[in-house]
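A quick write-up on the structure given underneath.
The values are calculated or read from the model by the stated rules, or taken from the named source; none is laboratory data. Computed from a predicted model, the values in this text were never measured in an experiment. Note that each Cβ is placed from the backbone with ideal geometry, even for glycine, and that neighbours are counted across all protein chains shown. Quick note on the areas: whole protein, heavy atoms, side chains included, nothing else; ligands and nucleic acids left out. Shrake-Rupley method; radii C 1.70, N 1.55, O 1.52, S 1.80 Å.
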Amino acid sequence: PVTNTPEIMFRSAFVQNHYDYSDREMEEHARCHLTVKWFLGFNIEDSSYDHSALGDFRNRLGEQKWKDIFFKILKQVEDAGFVTGDEYVDATHVIANIAIPNTIDLVRQGIKKTMNEIKKVDSTLYEELGGDKTANDEKKVYKLSPGEKESKLVEVVKKAREICSNTENLEGEITERVQELKRILNENIEEKEGSIQKKEGKTKDRIVSLVDTDARHGAKSDKKKFTGFKVNSIMSKDGFIKNINATPGNTYDGDPLIPLVDEKVERGFTSTKIVGDTAYGSAGNRKRLLERGVTVAAPFKKESNKEGLFPQSKFEIELHAVTCPAGCRTMVRNQNEKDETITFYFNKKDCGSCKLKEKCTKQERRTITISKHYELLQEAMEYNKTEDFKEDLKQRSHIEPKQGEMKRYHGMEIAKYWGIEKMNVQAIMNAVAVNIKRLVTLLYLI
């Protein structure tokens, strides 16, 4: 007979996320804590469940069913008269549940995973490539001298290349492992004058670890860097999370906005106005959400020019022409459909003879690039001068304590699991927990 019913397991998931328990801690509280036993529906003498049942339940539901539960609960909250007012969007970082390997260890991770697959399909080749000695090379890199590290890097890279070249004819999952190993080499290794060494430049979207291949290096600011994920959320004015998702740590904050809104609307929830920081106020976001009947309120980046030259605000800009501070006007332009931008080009002769050239450009001529939706941005700039916009930004700050609450009290500071799908499940369960907690708080106040 089924004893761990879906309701019991969901209630357990709520308690677990509310108090930030591990699976084993949750098992113990479900067995020994009287209030928890009462909430779960156990009798005093019941022994609860094994901790593995919690992970099994999470996996059985999967990301999509957890999202179904989230929206069903949110609908009940809305029907109770809450989830009202403007909406606020923001992203917060979550540290990956991994040890960040150095380049040598990352290559060795790739070698180990590939060798393990070779062992399954071709034991002879496995032994020819070094067998267990190659697969389980665990020599501590931090104990090596700088010269020894260089030699070790060359050694593991050559072995990785040997493995790749000897597995070209094998099929199945080993192909994925080999491609993964090749990607690690391409992203982290280069040769200069025939010498193997670490690549100087950082490859975009590079694999950080093979323990969690979805984790990425990211940054919340120039000084605050991290490795892991970003959790993006939309919150109603009365403090309820209306949608949430996780993305790799190198995702630009503004990119998930459209998918978040679209998913929410598809589930029957409306939006009229969303307030965010600078990252969410791109021309593309504003245009696409306006087509959906949603207004974006967000500040613009402060205008700057590192070389101290004339900023764009010194130019008189129209949709089809631009006039420079010296009075020269140009209609010569090129439109980039992919980036949705328009670039205007001034005449080289006019710029070459201009008295203001040293203050304007160091190139042969000045160019000005504007958004295809420039007029929409102008309207937004006018709105940003109003008192209403100041009030928008004041209210937007309330989403930051909500994210802090999820991180500080509900375990979202560090990822509990590996992979973007399970990170999403963790974020959704956190949102369910804080929404129910918020509902109870408001009902108590009433």
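On the stretch given as the stretch 174-191, residues that are open to solvent by 30 Å² or more (accessible area, probe 1.4 Å), assigned to a helix (DSSP H, G or I), over 12 Å from residue 110 (Cα atoms) and not hydroxyl-bearing (Ser, Thr, Tyr) total 1.
Based on this model, can you work out whether residue 404 counts as at positive phi and under 22 Å from the mean Cα position of the chain (by Cα)? No. Looking only at residues of the stretch 279-295 that are touching a residue at least 24 places away in the same chain (Cβ under 8 Å) and hydroxyl-bearing (Ser, Thr, Tyr), we find that the one that is most open to solvent (accessible area, probe 1.4 Å) is 282. If you go through the stretch 122-173 and pick out every residue that is part of a loop (DSSP other than H, G, I, E, B) and closer than 18 Å to residue 101 by Cβ, you end up with 6. Counting just the residues of the stretch 22-35 that are assigned to a helix (DSSP H, G or I) and open to solvent by 60 Å² or more (accessible area, probe 1.4 Å), which one comes out nearest to residue 11 (Cα to Cα)? Looking at residues that are assigned to a helix (DSSP H, G or I) and open to solvent by 60 Å² or more (accessible area, probe 1.4 Å), I get 35. With respect to (1) in contact with a helix residue (DSSP H, G or I) (Cβ under 8 Å, 6 or more places away or on another chain); (2) assigned to a helix (DSSP H, G or I); (3) not charged (D, E, K, R), the lone exception for residue 38 is condition (1).
In the stretch 202-212 there is no residue that is more than 21 Å from the chain's Cα centre (by Cα), part of a loop (DSSP other than H, G, I, E, B), in contact (Cβ under 8 Å) with a residue 12 or more places away in the chain and surrounded by 13 or more Cβ atoms within 10 Å (Cβ to Cβ). Looking at the stretch 103-114, is at least one residue farther than 29 Å from residue 228 by Cα and touching a Leu at 6+ places or on another chain (Cβ under 9 Å)? No, the stretch 103-114 has no match at all. What residue, among those in the stretch 309-321 that are without any contact (Cβ under 8 Å) to a residue 40 or more places away in the chain and not charged (D, E, K, R), is most open to solvent (accessible area, probe 1.4 Å)? Among them, the one singled out is 320. Going by the structure shown, is residue 412 out of contact with any Cys (no Cβ under 7 Å at 6 or more places or on another chain), within 26 Å of residue 234 (Cβ to Cβ) and in a loop (DSSP other than H, G, I, E, B)? For residue 412, the condition - out of contact with any Cys (no Cβ under 7 Å at 6 or more places or on another chain), within 26 Å of residue 234 (Cβ to Cβ) and in a loop (DSSP other than H, G, I, E, B) - is met. The single residue among 249, 228, 239, 276 that is touching a Phe, Trp or Tyr at 6+ places or on another chain (Cβ under 6 Å), crowded, with 20+ Cβ neighbours inside 10 Å and not hydrophobic (A, V, I, L, M, F, W, C) turns out to be 249. Please verify whether residue 199 is under 24 Å from residue 411 (Cα atoms), of a type outside the set (Val, Ile, Thr) and open to solvent by 10 Å² or more (accessible area, probe 1.4 Å), treating the condition exactly as stated. No.
Contact map, the stretch 151-177: first residue within 14 Å of residue 197 (Cα to Cα), second residue of a type in the set (Ser, Thr, Tyr) and open to solvent by 50 Å² or more (accessible area, probe 1.4 Å), Cβ cut-off under 9 Å, separation 6 or more or different chains; pairs are 154/195.
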